[in-house]
Amino acid sequence: MSDFDSLAKKLAPHYSKFDVSNRLLFTGHSHQAWPDVAAEGVQQGFEAAARHVDDKWGVAFEQAEHLRGYLRKWYDDPDGRYCLAENTHLLLVSWLSSLDLKNKPKIISTTGEFHSMYRQLHRLEEEGVEVVWLDPEPSDTFMDRLASHADDQTAAIMLSRIFFETALINQNLTEVAQYAREREIPVLIDDYHGTNVAPLSIKEADLEDCYLLIGGYKYLQWGEGNCFMRFPRDCQLRPVITGWFASFATMENSRNDDLTHYDDSDQRFATGTYDPISQFRAARVVDFFVEQGL
């Protein structure tokens with residue numbers, strides 16, 4: 001029996017509720033089986049609400065921080081900020097709203113993007129934003145083609161680390177980040193299909209000033225409702241689409257005409273109230289992964 005088969009035989013009993021001994025899920029782009037301990041997390045979330053009522057948020061935020069700790073370790077990124085949201089589209093729209101599209105109405109992307117980014121950028125095209133759709137292949141000419149379109153009208157470069165259309169790993173990210181840095185163009189990387197499956201050291205890849213979209217629905221086995229935007233600690237972007245969770249520190253202050261405040265925290269791109277049971281569920285999965293050495 002191979003090491004792979006031995007590991008599968010060892011893990012299968014921990015996924016009994018998803019019946020993996022009789023049903024294998026080969027849906028890498030979508031739903032993964034959850035370990036049985038995920039159900040314990042759901043129950044813990046309910047019990048926290050029943051016990052603490054509206055004060056449950058302190059406990060819920062602890063679960064979210066547990067997830068951030070896992071991501072910071074996975075990405076070799078101890079100083080990165082990680083903003084939580086129910087899905088990556090909320091984070092994508094919040095980030096887009098921080099760009100100066102009036103004076104820089106061009107975005108460079110690729111034809112290999114997932115539906116969420118593709119659809120939103122396609123809709124912005126209809127409103128007058130110029131979106132340059134580069135073919136990811138051939139990879140060795142990508143930078144030349146990107147450079148031929150980038151100019152002082154470029155608001156952002158938005159592309160994936162693993163392309164949804166082909167599953168190929170983007171080999172140009174470090175070079176893209178360096179090129180954009182020299183021209184002060186922000187870079188957003190969709191890493192939904194890379195997290196927890198294709199290793200990445202943000203530090204070694206020199207991506208510390210980049211923004212990453214991360215989702216827990218797929219390879220992390222966290223289920224829905226556990227998405228993050230990774231952003232640099234010194235980020236000063238001020239998203240127009242913003243919710244009160246982005247400024248807890250000022251909630252008790254009197255309202256005035258000052259500039260809209262953003263906390264110096266992980267939640268700069270946050271919206272508002274969400275269902276925190278997802279974080280209890282995912283936190284138990286994180287512990288399970290650590291326990292099993294996965």
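The values are calculated or read from the model by the stated rules, or taken from the named source; none is laboratory data. What you see is a predicted model; the values in this text were computed from it and never measured. Every residue, glycine as well, gets a Cβ built from its backbone with ideal geometry; the counts of neighbours run over all protein chains shown. Side chains included, ligands, DNA and RNA excluded: accessible areas come from the protein's heavy atoms. Shrake-Rupley method; radii C 1.70, N 1.55, O 1.52, S 1.80 Å.
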Residue list for segment 96-132, restricted to those being in contact with a Phe, Trp or Tyr (Cβ under 6 Å, 6 or more places away or on another chain) and aromatic (Phe, Trp, Tyr): PHE114
Among (1) touching a residue at least 40 places away in the same chain (Cβ under 8 Å); (2) assigned to a loop (DSSP other than H, G, I, E, B); (3) out of contact with any Ser or Thr (no Cβ under 7 Å at 6 or more places or on another chain); (4) more than 23 Å from ALA49 (Cα to Cα), the one test that GLN267 misses: (4)
Members of segment 270-292 found to be touching a strand residue (DSSP E or B) at 6+ places or on another chain (Cβ under 8 Å) and part of a helix (DSSP H, G or I), listed by number: GLN279
Lone unmet requirement of (1) closer than 21 Å to THR195 by Cα; (2) in contact (Cβ under 8 Å) with a residue 12 or more places away in the chain; (3) hydrophobic (A, V, I, L, M, F, W, C) for ALA48: (1)
Among (1) over 24 Å from ALA270 (Cα atoms); (2) part of a helix (DSSP H, G or I); (3) open to solvent by less than 10 Å² (accessible area, probe 1.4 Å); (4) touching an Asp or Glu at 6+ places or on another chain (Cβ under 8 Å), the one test that LEU71 misses: (1)
Residue check for ILE185: in contact with a strand residue (DSSP E or B) (Cβ under 7 Å, 6 or more places away or on another chain) and closer than 26 Å to ASP100 by Cβ: yes
Inter-residue pairs, beta-carbon under 6 Å, first at pLDDT 95 or above and in segment 119-131, second part of a helix (DSSP H, G or I) and surrounded by 16 or more Cβ atoms within 10 Å (Cβ to Cβ), 6+ apart: VAL131/LEU121
Given (1) under 30 Å from ARG145 (Cβ atoms); (2) among the aliphatic types (A, V, I, L, M); (3) surrounded by fewer than 22 Cβ atoms within 10 Å (Cβ to Cβ), index of the condition ALA249 fails: (1)
Count - residues of segment 15-51 that are touching a helix residue (DSSP H, G or I) at 6+ places or on another chain (Cβ under 8 Å), within 26 Å of GLU62 (Cβ to Cβ) and open to solvent by 70 Å² or more (accessible area, probe 1.4 Å): 4
Total residues in segment 52-61, condition open to solvent by 40 Å² or more (accessible area, probe 1.4 Å) and under 21 Å from the mean Cα position of the chain (by Cα): 1
Residues being surrounded by 11 or more Cβ atoms within 10 Å (Cβ to Cβ) and either touching an Asp or Glu at 6+ places or on another chain (Cβ under 8 Å) or of a type in the set (A, V, I, L, M, F, W, C) (or both) - total across segment 252-270: 2
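Quick test for you: out of ALA39, ALA64, pick the one residue that is over 20 Å from the mean Cα position of the chain (by Cα) and in contact (Cβ under 8 Å) with a residue 12 or more places away in the chain.
Values: ALA64 fails: over 20 Å from the mean Cα position of the chain (by Cα).
The match here is ALA39.
Residue under question is VAL290, and the condition is that it be hydrophobic (A, V, I, L, M, F, W, C), surrounded by fewer than 21 Cβ atoms within 10 Å (Cβ to Cβ) and at pLDDT 90 or above; does it hold?
Numbers: hydrophobic (A, V, I, L, M, F, W, C): yes; surrounded by fewer than 21 Cβ atoms within 10 Å (Cβ to Cβ): yes; at pLDDT 90 or above: yes.
Answer is yes for this residue.
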Residue check, TYR217 of a type in the set (Phe, Trp, Tyr) and out of contact with any His (no Cβ under 8 Å at 6 or more places or on another chain): no
Test: residue in segment 251-261 that is under 17 Å from the mean Cα position of the chain (by Cα) and either closer than 23 Å to ASP55 by Cα or not in a loop (DSSP other than H, G, I, E, B) (or both): no
